1. Beyond a 23 Å Cα-Cα separation, which of these cross-linked pairs lie in this structure: Lys77/Lys142; Lys77/Lys141; Lys71/Lys141; Lys77/Lys128?
2. Using mean Cβ contacts within 10 Å as the protection proxy, how do 152-164, 83-95 order, highest first?
3. Pulled fully out, how much extra length does the chain show between Gln78 and Gln162, if you take 0.36 nm times their separation in residues and subtract their Cα-Cα distance?
4. Alpha carbon centre of region 42-93 versus region 116-154: separation in Å?
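No value in this document is a laboratory result; all are computed from the given coordinates. A quick note: this is a predicted structure, and the numbers were derived from the prediction, not measured. Please note: Cβ atoms are built from the backbone with ideal geometry, for glycine as well, and neighbour counts cover all protein chains shown.
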Amino acid sequence: MYIVLLGLVCIVISFFAPRSASNEKTNMVKEIEETMEHFANEIEEENNQLLHSVAQIKSDHDLQMNRIMSKVDQLEKQNYDLSQEIKSIVFNKLNQPQRSTEILETEVVKKENSSPMQMKQRYADLFKLHEQGKSIEYIAKKLNLNKGEVQLIIQLANQEEQNRV
């Protein structure tokens, strides 16, 4: 009888033992799923932060481009105005040959003095550094300007010098 009872106890224990292992596996799977879900949420949050950063950089870039374009437009208008003044002076000289050369030269000097400063005068510090052989990046950092802005100023000054020649 003891043997039969012992056998029944072993059978009952064997039924319960696999079930507890199954519960452990189920719990482990749930923990893995929760960990994966947490990881996916963290990645999604980081992606949203990255998208926000990229959008901010793009808006800053657009703002800088608009500022540079307005400066270019302003310089082009000044260039156009100056060229119109030169044309009118030349036209007047051709139409009025009786005027003496001295009077005409005096008018040109007055116009040049009253016109906006030339690029090299306006950005003397920039051109001083440029003539010393400093890089555009160094000049931009030193004068708190953008690299593109420094390049544009140098190019416009070179173009201004070529137009005078």
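1. Numbers: Lys77/Lys142 29 Å; Lys77/Lys141 28 Å; Lys71/Lys141 20 Å; Lys77/Lys128 26 Å.
Those over the limit are Lys77/Lys142; Lys77/Lys141; Lys77/Lys128.
2. On the way: 152-164: 13.8, 83-95: 11.3.
Going by the mean number of other Cβ atoms within 10 Å, highest first, we get 152-164, 83-95.
3. Values: separation 84, 0.36 × 84 = 30.24 nm, distance 1.61 nm.
Extra length from Gln78 to Gln162 when fully extended: 28.6 nm.
4. What the calculation gives is 17 Å, centre to centre.
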